[in-house]
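The structure appears right after this line, and notes come after that.
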């Protein structure tokens, strides 16, 4: 690899990392849905809790999660990548204020950990894969439901 190629790769990585951080901070933490048009390609494909396609798909997916967990806050612990991919290890804390996967609001606090891989095209996120501890999340919600029922 030439020095020029290495510098090009470094610049691409830095730009993609900045977009990935912006997506987490603005969409997930600040609930700014306007950022979707700026950081995702129009034909975006997301593999999250449920698959989503395009800007409307990501809007629906994030809105459903945020309706259930309106105070959710995501923290990035590690971020790295190469070429057109960025990998993020993150955690999220929230309180369960709305229905999620058929489980009514419990008011209980949850924590969630995950890793996402984002593929970029022309400076935007084109595809995203998320490995999330959904089993652990459901377990926390069920425990909170049982605690709420036991106290009534």
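None of the figures in this text is laboratory data; all of them are computed from the coordinates on show. Quick caveat: nothing in here was measured; it's all calculated off a predicted structure. Here the Cβ is made from the backbone with ideal geometry for all residues, glycine too, and neighbour counts use every protein chain on show.
Tabulated data for the structure shown
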{"item": "Within a Gaussian network of the chain (alpha carbon springs, distance under 10 Å), most fluctuating of 117, 11, 88", "result": "11"}
{"item": "Counting DSSP beta bridges with both ends in the range 1-143, the antiparallel % (nearest 5)", "result": "90"}
{"item": "Using alpha-carbon coordinates, inclination of helix 54-68 to the longest axis of the chain, degrees", "result": "30"}
{"item": "Top of 139, 31, 113 by mean-square fluctuation, Gaussian network on the chain, Cα under 10 Å", "result": "139"}
{"item": "Overall form of the range 1-51 per C-alpha gyration tensor (a/c, 1.5; a/b vs b/c)", "result": "prolate"}
{"item": "Separation of the residue 63 and residue 2 label points, Cα + 7 Å toward Cβ, nm", "result": "4.8"}
{"item": "Folded to 0 to 90 degrees: helix 3-22 orientation relative to the chain principal axis, Cα", "result": "20"}
{"item": "GNM flexibility winner over the chain from 84, 71, 37 (Cα, springs under 10 Å)", "result": "37"}
{"item": "Simple label model, 7 Å out from Cα along Cβ direction - residue 50 to residue 77, nm", "result": "2.9"}
{"item": "R0 of 30 Å, Cβ-Cβ distance residue 147-residue 31: FRET efficiency to nearest 0.05", "result": "0.60"}
{"item": "Label-point gap, in nm, between residue 9 and residue 21 - each point 7 angstrom along Cα→Cβ", "result": "2.2"}
{"item": "Two-decimal Rg/Rh across the chain, once Rg and the Kirkwood Rh are taken from alpha-carbon atoms", "result": "1.05"}
{"item": "Mean separation of Cα contacts under 8 Å (6+ apart) over length of the range 1-58, as relative contact order %", "result": "19"}
